[in-house]
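Below is one structure, written out as structure tokens, with a few remarks after it.
The values are calculated or read from the model by the stated rules, or taken from the named source; none is laboratory data. Predicted model only: the values in this text are computed from it and were never measured. Glycine gets a Cβ as well: all are built from the backbone with ideal geometry, and neighbour counts include every protein chain shown. In case anyone asks, the SASA skips ligands and DNA or RNA and just uses the protein heavy atoms, side chains included. Shrake-Rupley method; radii C 1.70, N 1.55, O 1.52, S 1.80 Å.
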Amino acid sequence: MVLQLNMVLLLVLTMAGVNGNQLLHFPNSVSVRNYVKLKPAFDSALSKFTVCSWVSSSSEGNGSQQYMSYSAGGSDDALVLAEGHAIVKGIKSTLPSNNFVKGQWYHRCYSWKSGQAVSYFVNGVQVPLRGEVINGNLTPGGKLVLGQQQQVGAFFKRPNFVGNLTNLNLFDKQLGFEEISKLYYRGRCSEVDESLWSDVILSWTQVTKATRYGDVKLVEDTCEFETKCEEESEVVRRFISRSRCYYRCYFYCLK
């Protein structure tokens, strides 16, 4: 009876993908015209931050595509985020190697605090970066661009970001492992945990309302999820809502 009940629950969970969330689609074309711009991105200097987002790249490569860049105070690389590296205040930190799969969604979080090196989390797990300690603050009032890396008055003439991006949030806090893992396990289409609302200084809702250029489109996302069970008694909690595409399901793993 218990086995039948769990099989029914698993079937329900498998069929419970819902619509309602949105993603930014960056088309498969080499162009400096495809980007999203927010200005100003934030109003106060940042001595610490975390940027988390779900990213799916549609191009082949080694993780070098920049999907976010921030320019301020005369610096075009005040903050640059890519699949395989980050630049903070002009200092680059790199991932020694990567096995990113084309077209697959990854939850990516870059976290930093003045006096420390940049930390990088992929799918809730911290991965090593080759970098150094970075001091100072990020200057406020600058321009944040998604899809291109900025240079003086224009963009770099290099392959622009191609793929999809969703649920990008900027926190004025250095999130820890547990907080970042919770964001990942809540799923691609979930809202930020209520305990972190006060730390968000740039929300995904604001990003969806930003100015889009070229052929970048804001489209509906079909939210599907997987139930991951590693041991008996593990409980996966998520929230279901037709309007916001987040869910709450309970599934107890069997031996």
Condition first: surrounded by 17 or more Cβ atoms within 10 Å (Cβ to Cβ), at positive phi and either out of contact with any Cys (no Cβ under 8 Å at 6 or more places or on another chain) or assigned to a strand (DSSP E or B) (or both). Can you find one or more residues in the stretch 89-98 that meet it?
yes
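Just the residues that are open to solvent by less than 10 Å² (accessible area, probe 1.4 Å) and either of a type outside the set (Val, Ile, Thr) or touching a Ser or Thr at 6+ places or on another chain (Cβ under 6 Å) (or both), please, taken from the stretch 176-189. Show your work before the answer.
Taking the stretch 176-189 first, the residues open to solvent by less than 10 Å² (accessible area, probe 1.4 Å) are 180, 187, 189.
Passing the criteria: 187, 189.
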Quick check on this structure: which one of 79, 46 is over 22 Å from residue 122 (Cα atoms) and of a type outside the set (D, E, K, R)?
46
Residues satisfying the stated conditions in the stretch 22-40, i.e. part of a loop (DSSP other than H, G, I, E, B) and either modelled with pLDDT of 95 or more or buried (at least 23 other Cβ atoms within 10 Å of the Cβ) (or both):
34
Looking only at the stretch 192-206, and only at residues there that are hydrophobic (A, V, I, L, M, F, W, C) and either in contact with a helix residue (DSSP H, G or I) (Cβ under 6 Å, 6 or more places away or on another chain) or more than 9 Å from residue 169 (Cα to Cα) (or both), the one that is least open to solvent (accessible area, probe 1.4 Å):
196
So, of the residues in the stretch 1-21 that are open to solvent by less than 70 Å² (accessible area, probe 1.4 Å) and under 28 Å from the mean Cα position of the chain (by Cα), which turns out to be modelled with the highest pLDDT?
21
Are any of the residues in the stretch 132-142 in a strand (DSSP E or B) and either of a type outside the set (A, V, I, L, M, F, W, C) or surrounded by 15 or more Cβ atoms within 10 Å (Cβ to Cβ) (or both)?
yes
Per the list (1) free of Cβ contacts under 8 Å to residues at least 40 places away in the same chain; (2) closer than 20 Å to residue 203 by Cα; (3) open to solvent by 40 Å² or more (accessible area, probe 1.4 Å), residue check on residue 120 breaks on (3)
Test each condition in (1) in contact with a Lys or Arg (Cβ under 9 Å, 6 or more places away or on another chain); (2) crowded, with 16+ Cβ neighbours inside 10 Å for residue 109 and report the one that comes out false.
(1)
Selection from the stretch 146-176 of residues over 13 Å from the mean Cα position of the chain (by Cα), of a type in the set (A, V, I, L, M, F, W, C) and modelled with pLDDT of 95 or more yields 175
